[in-house]
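The values are calculated or read from the model by the stated rules, or taken from the named source; none is laboratory data. All values derive from a computational prediction rather than experimental measurement. All Cβ positions, even for glycine, are placed from backbone atoms using ideal geometry, and neighbour counts span all protein chains on display. When the accessible area is computed, the model is the full protein with side chains, heavy atoms only, and any ligands, DNA or RNA have been set aside. Shrake-Rupley method; radii C 1.70, N 1.55, O 1.52, S 1.80 Å.
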Amino acid sequence: MRARLAVVSGGGTGIGAAVARTLAGDGYDVLVVGRRADVLEAAAKRVSDECGRADAVSAVVADLTDPDQLDRVVAAVGGRAVDVVVNNAGGYLGGDTDTLAATAAHWRANLDANVLTAVLLTEALRPALRRPGGRVILVSSIAAQRGGAGPYSAAKAALHGWAYDLAAQLGPEQITVNVVSPGYVADTEFFGDRMTAEGHARRVAATLVGRAGEPADIAEAVRYLASPAAGYVTGQVLGVNGGSVLGR
């Protein structure tokens, strides 16, 4: 019997790479998807080596905002049943907002990167989702619940509403759909060179546990939602934020 298959977008670094490592360690074959071939291939080799299976993780290069490139992911799946789809691609995209045209471009870029990538990947793989037992997991953000990041906050909040609709559609087929909403997570590319020591300290101080999150914290939440133990959990938003935003 072949291993279970998970597809992880944005799987080359940070949270996505941690998710790939966790699922591969649990015996999944993992397909990581992203735009940077060198980063993806290095991550695939590193994680495969770490879990002692030479081909545990494979990479496919695709821009998930381009519908024409989704065929690459479908081809890489190769007709197998997909057990887990983790929509992790995205991030905050800065931009000029001096004019209405620039504002529109800024918002569209953030919506494309954070919402359209998830929609297109999920729809492309929807026929292949294992029935029963498939899992769709969306990685959102604390910004969706408390704001503070303009179009990025709005885009991540849009994932929540879509997840509710998708959960209702796929529930009768015993496929669950859930959202993981991280708080501040260090050791990712999210902030680039924007993070300062003061900014880090302020975010840590906002938690109840007195530390920054780590990519592995988010990966463990994904592991739970992907597992048989979460078969009765669907249409939920799981906050993983150290208590910086309480459940609501």
**Complete:** Averaged per residue, the 1.4 Å probe accessible area of the range 1-64, protein heavy atoms only, in Å², is roughly 43 Å²
**Request:** State the Cα centre-to-centre distance between the range 31-45 and the range 86-152 in whole Å.
**Result:** 20 Å
**Asked** Taking Cα pairs under 8 Å and at least six residues apart, what relative contact order does the chain come out at, in percent?
**Response** 18 percent
**Highest-first arrangement of 4-10, 148-154, 58-64, 224-230, where packing means the average Cβ count within 10 Å** = 4-10, 58-64, 148-154, 224-230
**Fill in**
Lys and Arg at +1, Asp and Glu at -1: neighbours of Ser48 with Cβ under 13 Å from its Cβ sum to -1
**Item:** Within the chain: Cβ-based charge dipole about Cα centre, in debye rounded to nearest 20 (Lys, Arg +1; Asp, Glu -1)
**Value:** 600 debye
**Request:** Report the net charge of residues surrounding Glu173, where surrounding means a beta-carbon distance below 13 angstrom and charges are Lys +1, Arg +1, Asp -1, Glu -1.
**Result:** +4
**D_trans [Stokes-Einstein, Kirkwood Rh over alpha-carbon pairs] for the range 84-240, 4 °C, 1.567 mPa s, µm² s⁻¹** = 78 µm²/s
**Prompt:** Using a 1.4 Å probe, what is the accessible area per residue for the range 69-194, in Å²?
**Reply:** 43 Å²
**Prompt:** Tell me, what is the percent relative contact order of the range 126-185, built from C-alpha pairs under 8 Å that lie six or more residues apart?
**Reply:** 47 percent
**Message:** Ignoring ligands, DNA and RNA, please state the percent of accessible area on the chain from carbon and sulfur, probe 1.4 Å.
**Reply:** 54 percent
**Request:** Among Ile142, Val233, Leu129, flag the residue with its Cα farthest along the positive direction of the charge dipole of the chain, charges on Cβ as +1 for Lys/Arg and -1 for Asp/Glu.
**Result:** Val233
**Request:** For helix 215-226, report the angle its Cα long axis makes with the longest principal axis of the Cα atoms of the chain; keep it between 0 and 90° and round to the nearest 10°.
**Result:** 50 degrees
**Prompt:** Within a Cβ distance under 15 Å of Gly235, other residues only, what is the Lys/Arg minus Asp/Glu net charge?
**Reply:** -1
**Complete:** For the chain, the charge dipole (Cβ of Lys, Arg +1; Cβ of Asp, Glu -1; about the Cα centre) points to a positive end, and the Cα of Asn87, Gln174, Asn114 closest to that extreme belongs to Gln174
**Message:** Tell me which chymotrypsin sites (Phe, Trp or Tyr not before Pro) from the range 158-216 have a DSSP coil assignment and no more than 16 other beta carbons within 10 Å of their own.
**Reply:** Phe191
**Item:** Debye, to nearest 20: dipole size of the range 46-90, +1 on Lys, Arg Cβ, -1 on Asp, Glu Cβ
**Value:** 160 debye
